[in-house]
Amino acid sequence: EFIKRLKNNLSTVYGRGFEKTAKEFLCTRLKLTRAKRQWGKIPSAKKEESAYEIDLIGENKETTFVFEFKWKELSYAQAKQILADLKEKTKHVPKLSKNYELGIVAKKISEKHLLKKEGFQAFDLEDF
């Protein structure tokens, strides 16, 4: 029974570890002086859709970054959708700089170079 539950929850355990590692990676790579998780309420949304969570909002001397972390392999289209959803979430973050960069860190991102060409930050395990 224990092993069965462990196998069912292993992805969650890895996901949490990945989020911590991704945060440390970004702090070093982007020279972040601030890095925090953000969550809050969306006032006009239905009750079941009223909360949002952003995995990391970070700042260095020049830029603010907003990141989503995903412990999964993503296609280009999936990554673009996650970034679009992340952009929507940023509308509800109080006092967020108007000049920010969106980014994603995942286990693996197909065609990551295309996301970078479009101005997104995009990293996967190959970059660590």
(request) Could you tell me which residue of the stretch 38-61 is surrounded by the fewest Cβ atoms within 10 Å (Cβ to Cβ), considering only residues that are assigned to a strand (DSSP E or B) and modelled with pLDDT of 95 or more? (result) Glu59
(request) Among the residues of the stretch 62-121, write down those that are hydroxyl-bearing (Ser, Thr, Tyr), assigned to a loop (DSSP other than H, G, I, E, B) and more than 19 Å from Trp39 (Cα to Cα). (result) Thr63, Ser75, Ser110
(message) Can you confirm whether Lys89 is out of contact with any Leu (no Cβ under 7 Å at 6 or more places or on another chain), under 24 Å from Gly17 (Cα atoms) and modelled with pLDDT under 95?
(response) yes
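The values are calculated or read from the model by the stated rules, or taken from the named source; none is laboratory data. All values reported here derive from a predicted model rather than from experimental measurement. Because the Cβ atoms are built from the backbone with ideal geometry, glycine has one as well, and the counts that use them run over all protein chains shown.
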